[in-house]
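Enquirer: Take a look at the following structure, please.
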Amino acid sequence: MNRIKSVNILVNGLFVFIALSLINLQVIQGKKFRILSEKNCIRLIPQAGARGRILDRQGRVIVDNKLAYDCLLLPEELNQQEETLQGVSKVLGISLKDLKEALRRGYIAASVPVTVAKNLGMKEAIALEELRNDLPGIIIQPHPMRTYPYAGLASHILGYVSEIDRWRLTKLADYGYKTKDLVGFGGVEEKYDYYLRQEEGGLSVEVDHRGRLVRTLGFRPPHNGQDMRLTVDLNIQKIIDEEMAFKKGCVILMDPYSGEITGLASGPHFDPSLFMDRSRSVLSSLFKDPDAPFINRAISGTYPAGSVFKLVLATAALETGKLNLNTTFVCKGSLQVGRKKFLCWDTHGPQNLIKAIAHSCNVFFYRTGLVLGAQTIHDFALKFGLAKTTSFELPYEAAGFVPSPLWRKIHKFKNWYDGDTANLSIGQGEVLVTPLQIVRMMAVFANGGYLVTPYIVQSIGEKDIWVYHKKAVRLPFKAENLEYIRQGLREAVSLPSGTGNVLSGLPLSVAAKTGTAQTGTGTSHAWFVGFFPSQKPKYVMCVFLEKGGPGYMSCVLAKRIIERMLAEGALEQR
């Protein structure tokens, strides 16, 4: 009897447990499981829109989209799976093993298509469509894919598009970004990704408990990203890109009054379309390239300023009244400062300020720097926008650096000596600048004393955004002092002894400053910065050649670019 009672208690207890569990499932948590059930029977089939195009200032397409095709397999219709996979393998040239692995990894449910091959050409897509009659389960899905009609042209302006990484996904998940999304890396593709990216649409379908399609519930059409118009002139961009081929450095052309970048090329460049093919071996070789093709040397590279920094001293000397046009220093080829002899690249004899700019006389500027003092030089460098970013739109802009005695004392616990001032006076020592900062500095002399903010995006969609950029700031420099320096810049080209005389044969006048910046590790950097025509400038230009030798080499390249702009009508368009 005890055993029967025990069994009855156990059975009754079991039924009570089952009853309570049913009450919990049906009553207490019924709403929760009903929602989960409804979600489980709904499938979303995404449909992608097209990323916004990128155009030049005239509306010519620089980056576009083309129709590509993906091959998907629908598991519920693969009645002859082996035969279907063999057919796909034969058309695409993908091994049967790889197709099976792709199908296995991508499987979610019988009714959800699995992508087994991406970015197919039209011929492959047509061949697979023909197989569908005999081998059901194959789906060819068209989608827009980024295309670059000019290969690597303006690659550092544009950036590239690739699958989102974990770091970006962590930061952007709240803005609708998700795993496998294609996003911009570098250039305007990254900076304005939110505007360029498309809005996905899709088909909502209901499936049964076996994953089979029951009915279509709804459709939301995809929306394309917004087109973007740049300030870049495609014809000018082609010229500077071609001239920078196989060189390390950069070329920048800018409107000296507005700050519009009309051309920017950094070398070596890369081909953004390689990221569409996603060849691991090719991409790996690019990232391991010692020439660092992904670095935009125009805005991210920091280099010794060399002699182009002498324009800061010339301005400071005139503005503070420490020097005037009658001040003369004699260049004997070197200057003894303390225990060290500081050299000039030539023996120039008596030099005033204008001649010293034209001849780029080191001795004159050593003496000028010692008269001014390091702190004054530092302060005037900051007025020209050095040692801080220009607020340019492209990502990863570097700030550069200009040392001062106070900085040396605080951060290095060292004193500042006259030898440090002499080094600073010719843009050497710890001075670091970007080519964009230097072209912006030269624009001050071209436009009569305004510090502009460079920009490269004109409009997004139908909205002009150039109006939101910072307006040019009037610097507190006297007009006559700027004109004196302009005279020195013109004589640097017009005088037979000028450092930029190679440009004197051009059919338009150029005002310029050259620079040879010592690197401490061999070959020097070559600088050219100038504006043309010198009387009513349309462009301010910087040519920088990384370890390119003397400044003369950058002058030669600048001359070729200007000659081509004249010959191809690029100067007449604006």
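Enquirer: Mind counting the residues in the stretch 535-574 that are modelled with pLDDT of 95 or more and among the polar types (S, T, N, Q)?
Expert: 1
Enquirer: Within the stretch 290-319, how many residues are out of contact with any Leu (no Cβ under 7 Å at 6 or more places or on another chain), of a type in the set (Ser, Thr, Tyr) and surrounded by fewer than 23 Cβ atoms within 10 Å (Cβ to Cβ)?
Expert: Final tally of qualifying residues: 1.
Enquirer: May I pose another question? Mind checking which residues of the stretch 166-191 are part of a loop (DSSP other than H, G, I, E, B) and either in contact (Cβ under 8 Å) with a residue 24 or more places away in the chain or farther than 26 Å from Gln47 by Cβ (or both)?
Expert: The one that is part of a loop (DSSP other than H, G, I, E, B) and either in contact (Cβ under 8 Å) with a residue 24 or more places away in the chain or farther than 26 Å from Gln47 by Cβ (or both): Gly186.
Enquirer: Run Thr170 past the list (1) surrounded by 18 or more Cβ atoms within 10 Å (Cβ to Cβ); (2) over 30 Å from Pro268 (Cβ atoms) and report the number of the one that doesn't hold.
Expert: Unmet for Thr170, out of (1) surrounded by 18 or more Cβ atoms within 10 Å (Cβ to Cβ); (2) over 30 Å from Pro268 (Cβ atoms): (1).
Enquirer: Yes or no: the stretch 362-373 includes at least one residue that is touching a residue at least 40 places away in the same chain (Cβ under 8 Å) and β-branched (Val, Ile, Thr).
Expert: Taking every residue of the stretch 362-373 in turn, at least one turns out to be touching a residue at least 40 places away in the same chain (Cβ under 8 Å) and β-branched (Val, Ile, Thr).
Enquirer: Output the number of the condition that Val312 fails; it satisfies all remaining conditions of (1) aliphatic (A, V, I, L, M); (2) over 21 Å from Ala558 (Cα atoms); (3) without any contact (Cβ under 8 Å) to a residue 24 or more places away in the chain; (4) in contact with a Gly (Cβ under 9 Å, 6 or more places away or on another chain).
Expert: (3)
Enquirer: Which condition number in (1) at pLDDT below 95; (2) in a strand (DSSP E or B); (3) among the charged types (D, E, K, R) is the one that Lys513 fails?
Expert: Among (1) at pLDDT below 95; (2) in a strand (DSSP E or B); (3) among the charged types (D, E, K, R), Lys513 violates only (1).
Enquirer: Can you name the number of the only condition in (1) more than 17 Å from the chain's Cα centre (by Cα); (2) in contact (Cβ under 8 Å) with a residue 12 or more places away in the chain; (3) part of a helix (DSSP H, G or I) that Gly218 fails?
Expert: (3)
Enquirer: Please find, within the stretch 181-234, the residue that is nearest to Leu153 (Cα to Cα) out of those that are at pLDDT below 90 and of a type in the set (Lys, Arg).
Expert: Arg220
Enquirer: Further question: Considering only residues that are assigned to a loop (DSSP other than H, G, I, E, B), within 16 Å of Ile140 (Cβ to Cβ) and modelled with pLDDT under 85, which ones fall in the stretch 73-128?
Expert: Leu74, Leu78, Pro113, Gly121
Enquirer: Separate question: Based on what the data block shows, is Tyr468 under 28 Å from the mean Cα position of the chain (by Cα) and under 21 Å from Leu394 (Cβ atoms)?
Expert: Yes, satisfied.
Enquirer: Scan the stretch 489-508 and report the pairs whose first residue is without any contact (Cβ under 8 Å) to a residue 40 or more places away in the chain and farther than 17 Å from Ala356 by Cβ and whose second residue is surrounded by 18 or more Cβ atoms within 10 Å (Cβ to Cβ) and of a type in the set (Val, Ile, Thr), with Cβ atoms within less than 6 Å and a gap of 6+ or a chain change.
Expert: The qualifying pairs are Ser504/Val493.
Enquirer: Identify the residue in the stretch 442-497 that is among the hydroxyl-bearing types (Ser, Thr, Tyr) and not in a loop (DSSP other than H, G, I, E, B) and, among all such residues, is surrounded by the fewest Cβ atoms within 10 Å (Cβ to Cβ).
Expert: Only one residue fits best here, namely Tyr468.
Enquirer: Could you list, in sequence order, the residues of the stretch 13-59 that are among the polar types (S, T, N, Q) and at pLDDT below 75?
Expert: Once the filter is applied, which keeps residues that are among the polar types (S, T, N, Q) and at pLDDT below 75, the stretch 13-59 yields Ser21, Asn24, Gln26, Gln29, Ser37, Asn40, Gln47.
Enquirer: Looking only at the stretch 251-277, how many residues end up being of a type in the set (S, T, N, Q) and crowded, with 24+ Cβ neighbours inside 10 Å?
Expert: The number of residues fulfilling the criteria is 2.
Enquirer: Looking at (1) within 30 Å of His269 (Cβ to Cβ); (2) not in a helix (DSSP H, G or I), find the lone condition where Asn133 falls short.
Expert: (1)
Enquirer: Could you check the stretch 451-488 and list, in sequence order, the residues that are of a type in the set (Lys, Arg) and either out of contact with any helix residue (DSSP H, G or I) (no Cβ under 8 Å at 6 or more places or on another chain) or free of Cβ contacts under 8 Å to residues at least 12 places away in the same chain (or both)?
Expert: Within the stretch 451-488, Lys463, Lys470, Lys471, Arg474 qualify.
Enquirer: A further question follows. Quick test of your reading of the structure: Cys542 fulfils all but one of (1) under 26 Å from Arg57 (Cα atoms); (2) part of a helix (DSSP H, G or I); (3) touching a Phe, Trp or Tyr at 6+ places or on another chain (Cβ under 8 Å); (4) hydrophobic (A, V, I, L, M, F, W, C). Name the failing condition by number.
Expert: It fails just one condition, (2).
Enquirer: State all residues of the stretch 244-262 that are under 18 Å from the mean Cα position of the chain (by Cα) and over 14 Å from Gly152 (Cα atoms); if no residue qualifies, say none.
Expert: Lys248, Gly249, Cys250, Val251, Ile252, Leu253, Met254, Gly259, Glu260, Ile261, Thr262
The values are calculated or read from the model by the stated rules, or taken from the named source; none is laboratory data. Since we're looking at a predicted model, the values are computed, not measured. Backbone-built Cβ (ideal geometry, glycine too); neighbour counts: all protein chains shown.
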